[in-house]
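First up is the structure itself, then whatever we jot down about it.
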């Protein structure tokens, strides 16, 4: 089996997060463990020795608040990356942060090339501070906005990720105003998912799919009419999927369900593949989703291990079921194994909350927009000709 | 006089408005007659807890139609109003009125927004942007502002007050503060049917007026001790009036900038 190529390397510098969001899926976010220099060195050596790193990839610092560690940790990581990346593969480093710890030192660090920054913010205070709170129960928006202002002052581009809960779906205009007011030009929406210790989502309520559709329709109409248009990841990804034929081959799978396209490594060097949320969790049937440790397990050894083979077989079955049953499969490639497992109890399953909302609705609404745009353009062309 | 239970206010579902009710409502000291119209007396005080319970509908809202629903226009639509105003001003200066961007475009977008929020404006509603001198004590929140002279009824004055819930009855649906300063609205917190009941209670020997306009005048003249209620509306905030009609007027209350209100009425075509 030719594994990979690696597209996304998710490294957990620490499981600790300085805030305590109500929808967080991280089980150990109170743990203050940190990835040591030794583990980081072993990790990068493992990645480049595995043969998975054959094309440019993204190194995402996530699964805990990465800015809890000092800037020096990432400067050290840069040095190690340079040392182990002997073939000089382009590596984009990406940080997903709650922005509450941003300061001028961080901004100077983020000004270097090949760094991408994602800021988690859920919109105006009445939405953001409902879920994104400190351990003392206080809202965090003021601190996030100070961080965003610092990024603007230092000219650092960033994308915002907003988690949509049932409450948010009533407020597309208010979210749009919030992004405009804070000069946020690129937005991605995640849905409140059922993952790990977060075992229920506000989006499970009856009638959510229709509310979600109306939200997406309204938000996209505002975003696309803005000058300049607000970039919305869901629209851009859905449009790309609809317009490309990449996904209709029988072997096509997504980054998240393709083995070793993602490698997740926790702060102790334990690694997994597929959905990052699986790392650190166990199941009675599969045991730990960590497949090994960078200090002790080589990739070839893991590729032939029963744990990986069983996981891959079940995830493959799930993708086959999606291919057979879902009309959106050509544009999706099969759902997230993590979501399938946490919602349906098995990877060999199909639809999830995330599929229904995030995938299907976004694809359908984007298709409607593209079709109406095409029809309108045809009318205008006809009018011009006559 | 103690406020009678009648129309209540609430934040419309699917909206978030800043502030609490005790800072949004003020209680007046009765009604006075001036220049042939009726005006609230000039003293205002915060509501008591008992008055708040009469004036504010606690969630969840059971019957939305009978509640005065507060809402907030998003910033992008408020900005569009100012852009429209500026363009209109420019084209008026240039003497090219025909080149004005139609106000109906903005009205349509506000209508779409309110429909998304499930606070839909009735089909065929009339949209009037009313700009008034803020030095006036009261400004019109009624169907015909040209004949404005104080507190007025939200229902067409010639309509029978008894059938105000019927869709054909022309009435003010609601209004929005388009200015960037807070403004306020003075209301009598009773629907027309309760105004009639109160008039009958006080003067049982007198026949009840037939029309909404006459009833409003009768109440204001017969019940000068009844406390009007002042509802503060921040920039971009609006209110959808409760079904059943009510007496009201705009009350700029010390604003520096011109009063700008978007009035939406139904059944006027």
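The values are calculated or read from the model by the stated rules, or taken from the named source; none is laboratory data. Keep in mind that what you see is a predicted model, and the values were worked out from it rather than measured. All Cβ positions, even for glycine, are placed from backbone atoms using ideal geometry, and neighbour counts span all protein chains on display.
Going through the range B:1-39 one residue at a time, which ones are assigned to a loop (DSSP other than H, G, I, E, B) and under 24 Å from residue B:222 (Cβ atoms)? Once the filter is applied, which keeps residues that are assigned to a loop (DSSP other than H, G, I, E, B) and under 24 Å from residue B:222 (Cβ atoms), the range B:1-39 yields B:1, B:2, B:3, B:4, B:5, B:6, B:7, B:29, B:30, B:35, B:36.
For the range A:163-177, filtering for residues that are within 14 Å of chain B (Cβ to nearest Cβ) and either buried (at least 19 other Cβ atoms within 10 Å of the Cβ) or over 17 Å from residue A:23 (Cβ atoms) (or both) leaves 10.
Residue check: is residue A:372 touching a strand residue (DSSP E or B) at 6+ places or on another chain (Cβ under 7 Å) and free of Cβ contacts under 8 Å to residues at least 60 places away in the same chain?
No; evaluated as a whole, the condition is false for this residue.
Residues being touching a residue at least 40 places away in the same chain (Cβ under 8 Å) and either crowded, with 20+ Cβ neighbours inside 10 Å or not in a strand (DSSP E or B) (or both): count how many of those fall in the range A:131-148. Total satisfying the criteria: 10. Looking for something part of a helix (DSSP H, G or I), under 26 Å from residue A:336 (Cα atoms), more than 14 Å from chain B (Cβ to nearest Cβ) and in contact (Cβ under 8 Å) with a residue 60 or more places away in the chain - is there at least one such residue anywhere in the range A:192-204? Yes: one or more hits.
Residue by residue, here is whether (1) over 28 Å from residue A:212 (Cβ atoms); (2) more than 14 Å from chain B (Cβ to nearest Cβ); (3) in contact (Cβ under 8 Å) with a residue 24 or more places away in the chain; (4) not in a strand (DSSP E or B) holds:
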| position | (1), (2), (3), (4) |
| --- | --- |
| A:86 | yes, yes, yes, yes |
| A:89 | yes, yes, yes, yes |
| A:95 | yes, yes, yes, no |
| A:128 | no, no, no, yes |
| A:150 | yes, yes, yes, yes |
| A:161 | no, yes, yes, no |
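For the range A:205-215, filtered to residues that are outside any helix (DSSP H, G or I) and more than 14 Å from every other protein chain (Cβ to nearest Cβ), the residue that is farthest from residue A:159 (Cα to Cα) is A:206.
Note on the range B:17-30: residues that are within 14 Å of chain A (Cβ to nearest Cβ) and surrounded by fewer than 15 Cβ atoms within 10 Å (Cβ to Cβ) total 3. The residue that is modelled with the highest pLDDT, among those in the range A:218-238 that are surrounded by fewer than 18 Cβ atoms within 10 Å (Cβ to Cβ) and within 20 Å of residue A:356 (Cβ to Cβ), is A:233.
Residue by residue, here is whether (1) loosely packed, with under 12 Cβ neighbours inside 10 Å; (2) more than 30 Å from residue A:220 (Cβ to Cβ) holds:
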position: A:302; (1), (2): no, yes
position: A:314; (1), (2): no, yes
position: A:319; (1), (2): no, no
position: A:359; (1), (2): no, no
position: A:376; (1), (2): yes, no
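With respect to the stated conditions, residue A:218 fails to be away from chain B (no Cβ under 14 Å) and more than 19 Å from residue A:336 (Cα to Cα).
Residues of the range A:97-114 that are outside any helix (DSSP H, G or I), buried (at least 17 other Cβ atoms within 10 Å of the Cβ) and in contact with a strand residue (DSSP E or B) (Cβ under 7 Å, 6 or more places away or on another chain): A:97, A:98, A:99.
Elements of the type helices (runs of 4 or more DSSP H) sitting completely within the range B:41-133 and holding at least 2 residues that are within 14 Å of another protein chain (Cβ to nearest Cβ) and surrounded by fewer than 15 Cβ atoms within 10 Å (Cβ to Cβ): these cover B:75-93, B:103-116. Would you call residue B:206 more than 17 Å from residue B:237 (Cβ to Cβ), at pLDDT 90 or above, within 14 Å of chain A (Cβ to nearest Cβ) and in contact with a helix residue (DSSP H, G or I) (Cβ under 8 Å, 6 or more places away or on another chain)? Spelling it out, it is not the case that residue B:206 is more than 17 Å from residue B:237 (Cβ to Cβ), at pLDDT 90 or above, within 14 Å of chain A (Cβ to nearest Cβ) and in contact with a helix residue (DSSP H, G or I) (Cβ under 8 Å, 6 or more places away or on another chain).
Here is a yes/no grid of residues against (1) modelled with pLDDT of 95 or more; (2) over 19 Å from residue A:14 (Cα atoms):
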| site | (1), (2) |
| --- | --- |
| A:44 | yes, no |
| A:57 | yes, yes |
| A:60 | yes, no |
| A:64 | no, no |
| A:77 | yes, no |
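For the residues A:306, A:284, the requirement of being modelled with pLDDT under 95 and either under 22 Å from residue A:344 (Cβ atoms) or in contact with a helix residue (DSSP H, G or I) (Cβ under 9 Å, 6 or more places away or on another chain) (or both) singles out A:284. From the residues in the range A:182-201 that are modelled with pLDDT under 95 and in contact with a helix residue (DSSP H, G or I) (Cβ under 7 Å, 6 or more places away or on another chain), which one is surrounded by the fewest Cβ atoms within 10 Å (Cβ to Cβ)? Restricting to residues being modelled with pLDDT under 95 and in contact with a helix residue (DSSP H, G or I) (Cβ under 7 Å, 6 or more places away or on another chain), the top hit is A:196.
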